[in-house]
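Before any comments, here is the structure.
The values are calculated or read from the model by the stated rules, or taken from the named source; none is laboratory data. Bear in mind the structure is a predicted one, so any value in this text is a computation, not a measurement. We place every Cβ from the backbone using ideal geometry, glycine too, and count neighbours over all the protein chains shown.
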Amino acid sequence: MSEFSIDPAVAALARDAFWVTVCSGAGMSAESNVPTFRDAETGLWERFDPTELATPEAWSADPALVWAWYQWRARLVRGARPNAGHDAVAEWARRRTVTVVTQNVDDLHEQAGSEVTAHLHGSLFAPRCSNCWLPYSGTDADPDRATEDLHVEPPTCPRCLSPVRPGVVWFGEPLPPDAWDRAADAAVGCDLLVVVGTSNLVYPAASLPERALAAGIPVIEINPDPTPLSSAVTHFLQTTAGIGLPALLEHVPPAG
Ligand code: BV8
């Protein structure tokens, strides 16, 4: 029994929803010891602003710095395990139709057994050529080989000899159109949207719960701190992903 008490109206939404869309952000992985974006700069990288490093400008200015940062983050995620929040989302999908849309570039939803319908901002584990987009699988891109160096030369594309870049979406770059279309459909094609662990500051991802609300769909937000969206959602659960999601799941009867 969860220590976090769920309001009966919230419990009813979780009990009665058949098509649930879960939109997750970096806070979803915080309890897996993966730092959120806003406090991603621990230790080695604390003097870098993530919104500056995650840009095409930073890449063209110093690809070895940006490559090293992503290899460091990928290795950190390699050492991480899904938390009770990830597990609750995966279990919810065994009981109802659950669509997972995430801003996260980690693979913790998948490690928990969830199928992710849209990685809106890409993945740490999908490097590709910065020029011809050829996916890259060379061992020199293996995060386990990542070092504590601030500068690591990115590998070279075997087809066009251009540098290989992280398979993520940088600020100022468009989201993958197919992933965005699936996410936009899922935001208005559900009877409950749960937005968890995001500061709701980065667009167009932050527009998804807004679209659901505009379509008259109930939105539950889970975050230990209020966000710009919190005054508009149907219910705001001021707690963590690892506590809030299992507490919601307790009100979802088994399938059949
Ligand atoms: C684009 C990948 C157009 C790389 C990332 C409209 C208005 C204003 C600005 C814009 C706008 N439209 C576009 C923009 C510009 C920009 C933007 O939104 N800027 C912001 C900063 C104002 N958007 C873009 O550039 C997007 N592209 O618009 O392209 C275009 C179209 C055609 C042609 C050319 C261009 C691309 C945005 C994607 C950037 N890439 N990541 C990487 O990861 O390195 S964004 C990155 O930051 C993450 O992926 C994530 O999306 C975002 C961080 O946000 P959160 O996930 O919310 O994390 P954050 O750390 O902020 O917050 C954590 C939250 O968790 C907190 O609220 C905290 O309280 C909570 N929390 C903590 N612990 C827990 C918890 N919650 C639950 N449980 C816990 N235990």
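Only a single criterion out of (1) at pLDDT 95 or above; (2) assigned to a loop (DSSP other than H, G, I, E, B) is not satisfied by MET1, namely (1). The single condition from (1) in contact with a strand residue (DSSP E or B) (Cβ under 7 Å, 6 or more places away or on another chain); (2) within 12 Å of the ligand (Cβ to nearest atom); (3) outside any loop (DSSP other than H, G, I, E, B) that LEU229 fails is (3). Can TRP180 be described as crowded, with 17+ Cβ neighbours inside 10 Å, among the aromatic types (Phe, Trp, Tyr) and assigned to a loop (DSSP other than H, G, I, E, B)? Judged against the criteria, TRP180 is not a match. For region 56-108, a residue qualifies if it is in a helix (DSSP H, G or I), within 19 Å of ALA26 (Cα to Cα), at pLDDT 95 or above and more than 13 Å from the ligand (Cβ to nearest atom), and the qualifying residues are ASP87, ALA90. Just to be sure I understand, how many residues within region 75-91 are in contact with a Pro (Cβ under 6 Å, 6 or more places away or on another chain) and not aliphatic (A, V, I, L, M)? Number satisfying all stated conditions: 2. Just one residue in the set SER29, SER114 is part of a helix (DSSP H, G or I) and not aliphatic (A, V, I, L, M); that residue is SER29. Does GLY172 satisfy the condition of being assigned to a loop (DSSP other than H, G, I, E, B), small (Gly, Ala, Ser) and either within 15 Å of the ligand (Cβ to nearest atom) or under 22 Å from ALA61 (Cβ atoms) (or both)? Yes; evaluated as a whole, the condition is true for this residue. Only one of the numbered conditions (1) within 12 Å of the ligand (Cβ to nearest atom); (2) under 27 Å from ASP178 (Cβ atoms); (3) among the hydrophobic types (A, V, I, L, M, F, W, C) is not met by CYS157, and that is (1). Against the numbered list (1) at pLDDT below 95; (2) within 10 Å of the ligand (Cβ to nearest atom), PRO166 comes up short only at (1).
Please go through region 175-186 and give me each residue that is within 16 Å of the ligand (Cβ to nearest atom) and charged (D, E, K, R), ordered by number.
Step one: filter region 175-186 for residues within 16 Å of the ligand (Cβ to nearest atom), giving 175-181, 183-184.
If the condition is that a residue be within 16 Å of the ligand (Cβ to nearest atom) and charged (D, E, K, R), then ASP178, ASP181 are the ones that fit.
Taken over region 188-215, the criterion of being within 15 Å of the ligand (Cβ to nearest atom) and within 14 Å of SER24 (Cβ to Cβ) is satisfied by VAL194, VAL195, VAL196, GLY197, THR198, SER199, ASN200, VAL202, ALA205, ALA206, LEU208, PRO209.
What are the residues in region 165-196 that are hydrophobic (A, V, I, L, M, F, W, C) and free of Cβ contacts under 8 Å to residues at least 40 places away in the same chain, if any? Of everything in region 165-196, those that are hydrophobic (A, V, I, L, M, F, W, C) and free of Cβ contacts under 8 Å to residues at least 40 places away in the same chain turn out to be ALA184, VAL188. The requirement of being out of contact with any strand residue (DSSP E or B) (no Cβ under 9 Å at 6 or more places or on another chain) and modelled with pLDDT under 95 is fulfilled nowhere in region 207-223; no residue meets it.
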